[in-house]
Amino acid sequence: AGGHAGTLSPFALVSEIREWFDGPLCLSGSIATGSGVLAAQALGADFAYMGSAFIASAEANAQDAYKQSIVESVAADIVYSSLFTGVHGNYLRPSIMAAGLDPDNLPEGDVTQMDFGSGGNTDAKAWKDIWGCGQGIGAIKEVSTAGEIVERLKGEYAAAVAESRAATGRFVP
């Protein structure tokens with residue numbers, strides 16, 4: 001969560017995990033709403049984990065510009081790259097551009113050379129200057145307190161459950 005990335009669809013991932021594991025399962029990735037939490041449960045997860053929504057919280061120890069960039073960005077502003085750490089992650093396009101790099105022409109990183117720098121010809125550092133973030137950021141409309149985010153999620157979850165019941169006549173999941 002919060003920009004940690006992979007290429008396997010959560011639909012495939014949860015289905016395959018549930019073939020051999022019936023214990024508690026947490027799903028993350030692009031979850032920033034109460035309906036996203038319900039969707040994770042419908043897939044077979046027991047609960048959801050989210051990161052990016054809480055980076056944009058008042059309590060988070062993140063730069064104000066980072067938080068505002070999350071609020072102003074959408075999924076299309078996420079760049080999937082291994083350049084900055086040697087392993088693939090999701091990063092905010094505006095922060096890559098602010099570091100003087102072209103987000104559409106980033107070379108591949110080398111996991112054996114992990115130094116958490118920019119990987120380019122700049123002093124920018126991953127997470128300090130080049131900000132990680134998940135694809136669910138389009139749902140994040142403002143910087144809020146963590147408590148306000150939790151209350152919003154609870155309301156959205158309840159609404160999603162009610163809509164599911166109205167549409168199907170039963171609780172989903």
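The values are calculated or read from the model by the stated rules, or taken from the named source; none is laboratory data. Just so it is clear, the structure is predicted and the values come from calculations on it, not from any experiment. Because the Cβ atoms are built from the backbone with ideal geometry, glycine has one as well, and the counts that use them run over all protein chains shown. Ligands, DNA and RNA are stripped out before the accessible areas are found, and what is left, the full protein with its side chains, is counted by its heavy atoms. Shrake-Rupley method; radii C 1.70, N 1.55, O 1.52, S 1.80 Å.
Quick rundown of the values:
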| read-out | value |
| --- | --- |
| Any hit, the stretch 67-78, residues being more than 17 Å from K141 (Cα to Cα) and over 13 Å from the mean Cα position of the chain (by Cα) | no |
| Hits in the stretch 17-38 - residues which are farther than 20 Å from H88 by Cβ and either free of Cβ contacts under 8 Å to residues at least 40 places away in the same chain or of a type in the set (S, T, Y) (or both) | I17, R18, E19, W20, F21, D22, G23, P24, L25, C26, T33, S35 |
| Residue among F11, F54 that alone is in contact with a helix residue (DSSP H, G or I) (Cβ under 7 Å, 6 or more places away or on another chain), in contact (Cβ under 8 Å) with a residue 60 or more places away in the chain and open to solvent by 50 Å² or more (accessible area, probe 1.4 Å) | F54 |
| The one condition in (1) over 23 Å from A159 (Cα atoms); (2) within 12 Å of the chain's Cα centre (by Cα) that E16 fails to fulfil | (2) |
| The stretch 75-116, residues that are surrounded by fewer than 18 Cβ atoms within 10 Å (Cβ to Cβ), outside any loop (DSSP other than H, G, I, E, B) and either small (G, A, S) or free of Cβ contacts under 8 Å to residues at least 12 places away in the same chain (or both) | A75, A76, M97, A98 |
| Scan of the stretch 15-46 for residues that are small (G, A, S), surrounded by 15 or more Cβ atoms within 10 Å (Cβ to Cβ) and not in a helix (DSSP H, G or I), ordered by number | S28, G29, S30, A32, G44, A45 |
| So L25, is it within 28 Å of V143 (Cβ to Cβ) and not hydroxyl-bearing (S, T, Y) | no |
| Subset of the stretch 126-144 that is among the aliphatic types (A, V, I, L, M) and under 25 Å from F84 (Cα atoms) - its residue that is modelled with the highest pLDDT | I140 |
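The rows are residues; the columns are (1) open to solvent by 50 Å² or more (accessible area, probe 1.4 Å); (2) touching a Phe, Trp or Tyr at 6+ places or on another chain (Cβ under 9 Å).
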| site | (1), (2) |
| --- | --- |
| A48 | no, no |
| A58 | yes, no |
| D64 | yes, no |
| S69 | no, yes |
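This table checks each residue for (1) over 12 Å from the mean Cα position of the chain (by Cα); (2) closer than 16 Å to I31 by Cβ; (3) of a type in the set (D, E).
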residue	(1), (2), (3)
A42	yes, yes, no
A48	no, yes, no
G51	no, yes, no
S57	yes, yes, no
L83	yes, no, no
V87	yes, no, no
